1. Residues Ile47, Ile75: which one is of a type in the set (Val, Ile, Thr) and farther than 30 Å from Ser10 by Cβ?
2. Please go through the stretch 105-124 and give me each residue that is within 24 Å of Val147 (Cα to Cα), hydrophobic (A, V, I, L, M, F, W, C) and surrounded by fewer than 21 Cβ atoms within 10 Å (Cβ to Cβ), ordered by number.
3. Confirm whether Ala108 is within 21 Å of Met33 (Cβ to Cβ) and of a type in the set (A, V, I, L, M, F, W, C).
4. Hey, could you check the stretch 64-100 for residues that are of a type in the set (Lys, Arg) and exposed (fewer than 12 other Cβ atoms within 10 Å of the Cβ) and say which is nearest to Ser163 (Cα to Cα)?
5. Could you list all residues from the stretch 4-40 that are charged (D, E, K, R), surrounded by 10 or more Cβ atoms within 10 Å (Cβ to Cβ) and part of a loop (DSSP other than H, G, I, E, B)?
6. Looking at the stretch 117-128, can you tell me whether even one residue there is within 20 Å of Phe79 (Cβ to Cβ) and either under 14 Å from the mean Cα position of the chain (by Cα) or modelled with pLDDT under 95 (or both)?
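The values are calculated or read from the model by the stated rules, or taken from the named source; none is laboratory data. Here the structure is a predicted model, which is why all the values come from computation and not from measurement. Reconstructed Cβ throughout: ideal geometry from the backbone, glycine too, with neighbour counts over all protein chains shown.
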Amino acid sequence: MIPDDDPSRSLTVANPDDPGTTYISLVGDTYAMLVTGEQTGGRYCLIDMHVPDGGGPPPHRHDFEEMFTILEGEIEFTFRGEKHTVRAGSTVNIPANAPHNFRNASGAPARMLCMCTPAGQDEYFMRIGDVVAGKDAAPPQLSADEVAQRRHRAAELAPTYRSEFL
């Protein structure tokens, strides 16, 4: 039986150009938090990722599903050690617990939507990244000590967000 409607939950319309959108700079990428776990009761989050040439996270894994839809450009995904080049219009699903990473090796910027189920990755990114003014904002210029601090904080918080770096 389907439960009754929950009127405390409202319609969410996500627009990356909305002035209220939070943008996070992380590993040289810019992530717009479109739909947060707070808005979905923890069911999922949706992140608009702008990935410059050379951008992308280090190898990692986590115990939640992660789905990417490439909107612009192309991204090289490494899944269980095997590389796959994925172009605009395609969707990739990374199963929970599988080792993976992505990298933009195309020579041009790329953009993709990332949905994590359940949510939590949005909170993690907010805690380890730097808030920037918008999708086209330059990443902050960090000293070597600040970069080391960010890496330490990411590794320290990873278990809290069901993730590990490989």
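1. Numbers: Ile47 fails: farther than 30 Å from Ser10 by Cβ.
Result of the check over Ile47, Ile75: Ile75.
2. Ala105
3. Numbers: within 21 Å of Met33 (Cβ to Cβ): no; of a type in the set (A, V, I, L, M, F, W, C): yes.
Here the answer is no, as Ala108 does not meet what is asked.
4. Result: Arg80.
5. Of the stretch 4-40, the ones charged (D, E, K, R) are 4-6, 9, 17-18, 29, 38.
Subsequent filtering for residues that are surrounded by 10 or more Cβ atoms within 10 Å (Cβ to Cβ) retains 9, 18, 29, 38.
Of everything in the stretch 4-40, those that are charged (D, E, K, R), surrounded by 10 or more Cβ atoms within 10 Å (Cβ to Cβ) and part of a loop (DSSP other than H, G, I, E, B) turn out to be Arg9, Asp18, Glu38.
6. Taking the stretch 117-128 and keeping what is within 20 Å of Phe79 (Cβ to Cβ), we get 117, 121.
When the remaining residues are screened for being either under 14 Å from the mean Cα position of the chain (by Cα) or modelled with pLDDT under 95 (or both), the result is 117, 121.
Checked the stretch 117-128: at least one residue is within 20 Å of Phe79 (Cβ to Cβ) and either under 14 Å from the mean Cα position of the chain (by Cα) or modelled with pLDDT under 95 (or both).
Residues checked against (1) among the β-branched types (Val, Ile, Thr); (2) in contact (Cβ under 8 Å) with a residue 24 or more places away in the chain; (3) surrounded by 12 or more Cβ atoms within 10 Å (Cβ to Cβ); (4) more than 13 Å from Val27 (Cα to Cα):
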| residue | (1), (2), (3), (4) |
| --- | --- |
| Arg127 | no, yes, yes, yes |
| Gln141 | no, no, no, no |
| Ala144 | no, no, no, yes |
| Glu156 | no, no, no, yes |
| Ser163 | no, yes, yes, yes |
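Okay, residues lined up against (1) under 23 Å from Leu34 (Cβ atoms); (2) of a type in the set (Asp, Glu); (3) assigned to a loop (DSSP other than H, G, I, E, B):
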position: Phe125; (1), (2), (3): yes, no, no
position: Pro139; (1), (2), (3): yes, no, yes
position: Glu146; (1), (2), (3): no, yes, no
position: Glu156; (1), (2), (3): no, yes, no
position: Glu164; (1), (2), (3): no, yes, no
